[in-house]
Amino acid sequence: MIECTHGMPRAGMAWRHVIISTYRAWLPGDKRGWRSRDHRVHNSGDYKRPPPTDEHEGLREYNQNLGGKAVRISAPCRGVIGETILSELWKSEYAVLVVAVSATHAHMLIELPIPTASVRKIIGTCKAKSSLAVRHQLPGRVWAARGKYLPVKNRAHLIEAFKYIRDKQGPGVWVWTDPRIISSTRKR
């Protein structure tokens, strides 16, 4: 059971579940399912129910042949990236409840300004600073363009998002949680 000291966001702010992926981690035509921006291209599957393997085969081959390898964040770099993101958010005095960094993506639960353009700029800065922090281990581009900035609807959704980010990112993930949140301990 989580006892969350955080609730309603401050004026002009909103809680957001932010998801950013590494460069080329999930391309259009992926066998695991995918979504085009604004659903311009229909896909019959998603990550829970993948589409038929031959669906969008040409698109998959095209994207795989574009060049560049998919970026995977090594275990030692995950903590550096997570701490850099936290530092950048704290520097601007944004409230952060949880951050998780895995090999191919990062999840964050953050109180951010309401306008999406502001959120993109803030997260873009976090992505740039974290890439710079690991440039010797991961030269070149680390993060894919954009991300997901999902608004949190209410307190129950806030708690659900917190638990999902903290508990459901798989083995080897680096996780930080706000120490002011009282929660049951879990093994990693």
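Of all residues in the range 141-156, those that are over 10 Å from residue 17 (Cα atoms) and either crowded, with 19+ Cβ neighbours inside 10 Å or free of Cβ contacts under 8 Å to residues at least 24 places away in the same chain (or both) total 8. When you look at residue 123, is it more than 23 Å from residue 8 (Cβ to Cβ), hydrophobic (A, V, I, L, M, F, W, C) and within 15 Å of the chain's Cα centre (by Cα), yes or no? Answer is no for this residue. Of all residues in the range 64-92, those satisfying the criterion of being modelled with pLDDT of 95 or more and among the aliphatic types (A, V, I, L, M) are 73, 75, 80, 81, 85, 86, 89.
Step by step: first the residues of the range 106-131, then only those that are in a helix (DSSP H, G or I) and free of Cβ contacts under 8 Å to residues at least 12 places away in the same chain, then the one that is surrounded by the fewest Cβ atoms within 10 Å (Cβ to Cβ). Which residue is that? This residue is 117.
The values are calculated or read from the model by the stated rules, or taken from the named source; none is laboratory data. For clarity, every value in this text was computed on a predicted model and none was experimentally measured. FYI the Cβ positions are ideal-geometry reconstructions off the backbone, even for glycines, and counts take in every protein chain you see.
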